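Peer 1: Please find one structure pasted underneath; my questions will follow.
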Amino acid sequence: MDRLTWCDESLLPGEVHILQQASVRIYDGEDRTSFEAGALQLTSHRVIWDDQDQDGRTLCLHHSFIMRLEDVRGSLTKSNKIAAFLQPAPSSRDVSQAVMMASRHNFVRFSFRKGGQSEFLSGYQQQLSKKLWELPQIKALPSKPVAQARTARGAPARSGIMGIERTMEAKRLETDKTISEAFQDLNALMEKAKQMVSLAESVTRKLEEKKGSLTDDETTALKSYLLSVGIANPVTRETHGSGATYHRELAKQLSVFLQEQLKDTGGIMTMQDIYCRFNRARGMELVSPEDLVNACQNFQSLQLPMRLRKFDSGVLVVELLSHDEANLLSDLQSQVTDATSMSADELSQLADISIMLAKERLLLGESKGLLCRDDSVEGLRFYPNRFVEV
């Protein structure tokens, strides 16, 4: 942070605006600062951060301080970041405008709370490689007014400025061309997406019409194709509003999506698996974990053929109403008896379910008195309970 300075948003001579991203937070190394949610502007010479409030705090970091940039990927709870590793501050620098006199870190991080990190990082790296701030004609402009720089004829300074203007105009035209081509590609992609949606709807209708006449292998293949194509018309907040209405409609679509898949997984599936499968099928219209749970809580009130269930350990699952727990436990007891003992990993492979779900199934068998455990250095294993009548 000691290489960031207070400044205003006016550009330096020869400096060009590249792009801007809103809601960016600044960290001093790993430490959080008071610079919370400002707009981060990338130019040919600097990055400029402005909080855009009444205080008007504006900071800038010159590209000449940057040694390298690092892409820091986020998670469901953390935003993506750019880490900028900095050269030591020169001893001769003017400290009157420094944001901080000294810092124990040699890097700052920019946290992109509303996305845009990848685009900003790409542009940032391009500007660092161009090093436009080192061009002689740009460096000379601030210290030599045009009137003083002219020769007797006045041509060299004028031609230098005109050369810069022509270069900037050429870059602008090239950018306009690139944007135009990108939108053409986007329009073509959207047109293809419409065709894929129509294809998915057509295959679904034919699958319903030919129910009973297709082999198991053909049905499995068609379901696989439909899953890869995705959900034709995903429920979104833009199309179905927000709050309770959105969650009810999402629950209906989720029920249709899960019905066949739950049958293939023994009538039960963890929320983690559902989250991954459902969002993969929705493409770009992703659903948050909170919205997914809220939607599942509507299954009972909407009288849908499945329910949300929470195990004693806290694991959330969705299971079909037709899911027969008594038969499941009976099969589990037989499987463990035949194998003498069983771990969650072994049951997972045998029943083709996740390890988490396999462990919950074994714990359920234990709670019903059908199994007993041996927890040793070799891991947790379950054995038939010989003290109950089979």
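Just so you know, all these numbers are worked out from the coordinates, no wet-lab data involved. On a predicted model such as this, the values are computed, not experimentally measured, just so you know. Ideal geometry is used to build each Cβ from the backbone, glycine not excepted, and the neighbour counts take in all protein chains shown.
Peer 1: Specify whether the C-alpha gyration tensor of the stretch 245-390 places it in the rounded, prolate or oblate class, a ≥ b ≥ c being the square roots of the eigenvalues: rounded for a/c under 1.5, otherwise prolate if a/b is larger than b/c and oblate if not.
Peer 2: prolate
Peer 1: Right, next: Based on the Cβ-Cβ distance from ALA83 to GLU366, what FRET efficiency comes out when R0 is 45 Å, to the nearest 0.05?
Peer 2: So the FRET efficiency works out to roughly 0.45.
Peer 1: Next question, about the same structure. Any idea how far the Cα center of the stretch 1-50 sits from the one of the stretch 273-333, in Å?
Peer 2: Using only Cα atoms to place each centre, the spacing works out to 45 Å.
Peer 1: Once the dipole of the stretch 5-145 is set up with Lys and Arg at +1 and Asp and Glu at -1 on Cβ about the Cα centre, which of VAL99, PHE85, THR33 lies farthest towards its positive end?
Peer 2: Farthest towards the positive end: PHE85.
Peer 1: List, in order, the whole-Hz ³J(HN,Hα) value for each residue of the stretch 302-319 obtained from phi through the Karplus relation with A = 6.51, B = -1.76, C = 1.60 and θ = phi - 60°; use x for Gly and Pro.
Peer 2: For the stretch 302-319, the Karplus-derived couplings read 8, 6, 8, x, 7, 9, 8, 10, 10, 6, 4, 6, x, 5, 9, 9, 10, 9 Hz, x marking Gly and Pro.
Peer 1: What relative contact order, as a whole-number percentage, does the stretch 255-390 give when Cα pairs under 8 Å and 6 or more residues apart are counted?
Peer 2: 19 percent
Peer 1: Residue by residue through the stretch 13-20, which ³J(HN,Hα) values in whole Hz follow from phi under the Karplus form 6.51 cos²θ - 1.76 cosθ + 1.60 (θ = phi - 60°), with glycine and proline marked x?
Peer 2: x, x, 7, 10, 6, 10, 7, 9
Peer 1: Sticking with this structure for a sec: Would you please state which residues of the stretch 287-306 a label at SER75 would reach in this model, taking the label point 7 Å out along Cα→Cβ and a backbone N cut-off of under 15 Å?
Peer 2: 289
Peer 1: Using a 7 Å offset from the Cα along the Cα-to-Cβ direction at both ALA326 and ALA37, what is the distance between the two label points in nm, to one decimal?
Peer 2: According to this spin-label approximation, the distance is 5.5 nm.
Peer 1: Roughly how many debye, to the nearest 20, is the charge dipole of the stretch 5-145 about its Cα centre, given +1 on each Lys and Arg Cβ, -1 on each Asp and Glu Cβ, and no other charges?
Peer 2: With only Lys, Arg, Asp and Glu charged at Cβ, the dipole is about 420 debye.
Peer 1: Also, quick follow-up: Starting from the Cα of ARG309, step 7 Å along the direction of its Cβ; do the same at GLU30; then give the gap between the two resulting points in nm.
Peer 2: Placing both labels 7 Å beyond Cα along the Cβ direction yields 4.2 nm.
Peer 1: Kindly identify the stretch 324-390 as rounded, prolate or oblate by the Cα gyration tensor criterion: order the square roots of the eigenvalues as a ≥ b ≥ c, call it rounded if a/c is under 1.5, otherwise compare a/b with b/c, prolate if a/b is larger, else oblate.
Peer 2: oblate
Peer 1: Out of every Cα-Cα pair in the stretch 233-304, what percent are more than 19 Å apart?
Peer 2: 28 percent
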